[in-house]
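Novice: Structure below; questions to follow.
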Amino acid sequence: MDFKTHLNKDTVFSTVAAAGTKLGFPTYVVGGFVRDLILNRSNKDIDFLCVGSGIKLAQQVAKDMGDVPVTIFKNFGTAMIKVGERELSL
């Protein structure tokens, strides 16, 4: 499977990638979503890892998606954004 082509078809990934680039945070898709992509299973929970602040990345992504709400988990330095039925963890 050509993962890059598959991920580039989805605006969620291009939005997160653009936000990471804008902030200078290398950003990666990780976890169960990657496993399920390899196994050709659907998954609505997408975990991202960035080299930088997950909270700042989430805030930028939310802004770029039209100021969607962000749930911040300060203790963990992470955040979550709901996009339709999907949950993005950053």
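Novice: Among the charged types (D, E, K, R), under 10 Å from L90 (Cβ atoms) and without any contact (Cβ under 8 Å) to a residue 60 or more places away in the chain: which single residue out of D10, D36, D47, D67 fits that description?
Specialist: Numbers: D10 fails: under 10 Å from L90 (Cβ atoms); D36 fails: under 10 Å from L90 (Cβ atoms); D67 fails: under 10 Å from L90 (Cβ atoms).
Matching residue, one of D10, D36, D47, D67: D47.
Novice: While we're here: Report yes if A17 is surrounded by 15 or more Cβ atoms within 10 Å (Cβ to Cβ), free of Cβ contacts under 8 Å to residues at least 12 places away in the same chain and not in a loop (DSSP other than H, G, I, E, B), otherwise no.
Specialist: Details: surrounded by 15 or more Cβ atoms within 10 Å (Cβ to Cβ): yes; free of Cβ contacts under 8 Å to residues at least 12 places away in the same chain: yes; not in a loop (DSSP other than H, G, I, E, B): yes.
Answer is yes for this residue.
Coordinate-derived values only; no laboratory data. Small disclaimer: the values here were computed from a predicted structure and weren't measured. Every residue, glycine among them, receives a Cβ derived from its backbone with ideal geometry; neighbour counts consider all protein chains shown.
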